[in-house]
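Where a number appears in this text, it was derived from the coordinates with a stated rule and is not lab data. All values reported here derive from a predicted model rather than from experimental measurement. Every residue, glycine among them, receives a Cβ derived from its backbone with ideal geometry; neighbour counts consider all protein chains shown.
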Amino acid sequence: MKERYSVNVSVESEDSFQLYDLRVEVVCPPGKRIMCGAKNGDFFTLQGEMLKLPPNQGISIYSLGAVLPLLAAKQRVTPPSDWMSTDAEVACPDPNCPSRLRIIRTGVGTFRHGDVTPFCV
């Protein structure tokens, strides 16, 4: 039997939808050698489709490539027991690097379908 779940995110109208804002931050074990060029606490944010880095901070394209496929799913509302709701860390793709990228849901944005796609039915 399927269970229903409730979340605090609500749909305002049939033409709108909500996405979580995300903060993705680097977590480095103290004293370990980090291979990807990241520093503990480095981060970027994702609001809607816009990825934003702080000034003078970069991110390895390989680290970004490891986390990027998960971000759109992490922005969506998921059941509390779904692994997308419970799991938040992604390993650095370099097998010799112990750093992780932690994905944190920070807020909720509301978007109108007609504003984000020209082919609204």
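Figures for the structure shown
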| item | result |
| --- | --- |
| Hits in the stretch 38-58 - residues which are within 11 Å of E25 (Cβ to Cβ) and in contact with a helix residue (DSSP H, G or I) (Cβ under 9 Å, 6 or more places away or on another chain) | A38, F44 |
| Residue list for the stretch 79-108, restricted to those being surrounded by 13 or more Cβ atoms within 10 Å (Cβ to Cβ), among the small types (G, A, S) and in a strand (DSSP E or B) | A91 |
| Every residue from the stretch 36-65 that is of a type in the set (A, V, I, L, M), surrounded by fewer than 16 Cβ atoms within 10 Å (Cβ to Cβ) and farther than 23 Å from T78 by Cβ | L53, I61 |
